[in-house]
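K.L.:
Have a look at the structure that comes next, please.
What follows draws every value from the coordinates through simple rules; no lab data is involved. This is a predicted model, so every value here is computed, not measured. For neighbour counting, all protein chains shown are included, and Cβ atoms are generated from backbone atoms with ideal geometry for every residue, glycine included.
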Amino acid sequence: MNAVPLRLEHVAKRYGRRAPWVLADVELELRPGSLHTVSGANGCGKSTLLRIVAGLSRPSRGAVTGRPERIALVPDRFAPPRMVARSYLEHLARLRGLRAEAAARRMRELADQLAIAPGLDAPLAEMSRGNAKKVALAQAFLTHADLIVLDEPAAALESAALAGMHGLVAAACAGGSTVVIAEHGEAAPGAVHHELADGTLALRARTASPESASRVRIRLAPSFPQASPAALEAFGAAVKPATAAGGVVTADVAADCSDAFLASALAAGWSVIELQRDPAEPA
C-alpha cells in the first residue's frame, strides 16, 4: 500500500505560450485512503486537473510529487474497443497480473454490483453509453490501484449502478486507495469536496455539512467472520459513529448516501437486519 501523499504544489496549466490559463495556482494534497471530488462548470478545467493528477499531462508551472505507480483511470469519454466486454476485462486482468480464476470471480462481482446489461458477453460497441461506462468503471476496480481517477463517472448511470459505484469507491478507500472524482452534482458520500470556479480556476474546499435533514438507521450483522468494518467507516462524516453490540452494528446514515452505504456493506460481507427512516432517538 502506498503511504506517501500525492501533492500538487502551485500547479498551473495552459495549452500554448499565449493561451489562457486553464488552471492558475492549484494546491492539493491527496492522502492514501482518502476520497476527493472536484466540481465546476463545463470547461472550467476539471478534466485537465484530473489528467495532471493521473500523470497524463504535465503542468505548465508547479510540481506534482508522490504520484504512485499503480493508477486506474476512467476518462470522461470512453471509446470502447471492438471487443466483447468479457474479453476486454480479461485482457486487462492478465496485464495486471490477475490469475484467470480470480479474474473471472472479480468480473462476476463487478458485473453484478454495477448492473452491467445485457452482460459481459455483449460486444462493447453494441452496448448503450451507460453500460459501456459501467465496463470502463469495472476495469478501474479489477485489481487494487493506489490512485483511482474517475472523470464524470456518474454520467448515464441509473441509481442502482450509481449505488454500486459508490460501494466500490468506499471499499477501495477502505483498502488504502486514493480516489479522485470529477462531477457535476453533490459530493460523493464521505468525500472531501473541492470546486473550480470564479474564472480563476483555483481549487478551493467547499464545506458540506455532515448532517442531513433525513437519516436512515441501519442495523447490520456480519454474514461471515471476515466481514470488513472498514467498509462501514469509509463514509466518514455522512455516518454518525456506529455502535456495536453482540456483533450487530447500528449506524445512522445520511439518507442521500444510504444506498451507497448499503451497497458497500453488502459487498463487504454484512447483512441488513433492520432499516428505520428518520429515527427519533440517537443510536
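K.L.:
Any idea how far the Cα center of region 1-34 sits from the one of region 115-189, in Å?
P.N.:
So the two Cα centres are separated by 23 Å.
K.L.:
Rank by packing, highest mean first: peptides 162-171, 146-155, 14-23, 84-93, with packing defined as the count of other Cβ atoms within 10 Å averaged across residues.
P.N.:
The densest-packed peptide leads the list: 162-171, 146-155, 84-93, 14-23.
K.L.:
Give the long-range amide H neighbours of R215: residues separated by 5 or more places, or on another chain, with amide H under 5 Å away, using H modelled in the peptide plane at 1.01 Å from N.
P.N.:
The list, which skips near neighbours in sequence, is A255, D278.
K.L.:
Please order S258, S60, S47 by the number of other Cβ within 10 Å, starting at the fewest.
P.N.:
Ordered by Cβ neighbours within 10 Å, fewest first: S60, S47, S258.
K.L.:
Let me ask another. If you average 1/r over all unlike Cα pairs in region 1-208 and invert the result, what Kirkwood radius do you get in angstrom?
P.N.:
17.6 Å
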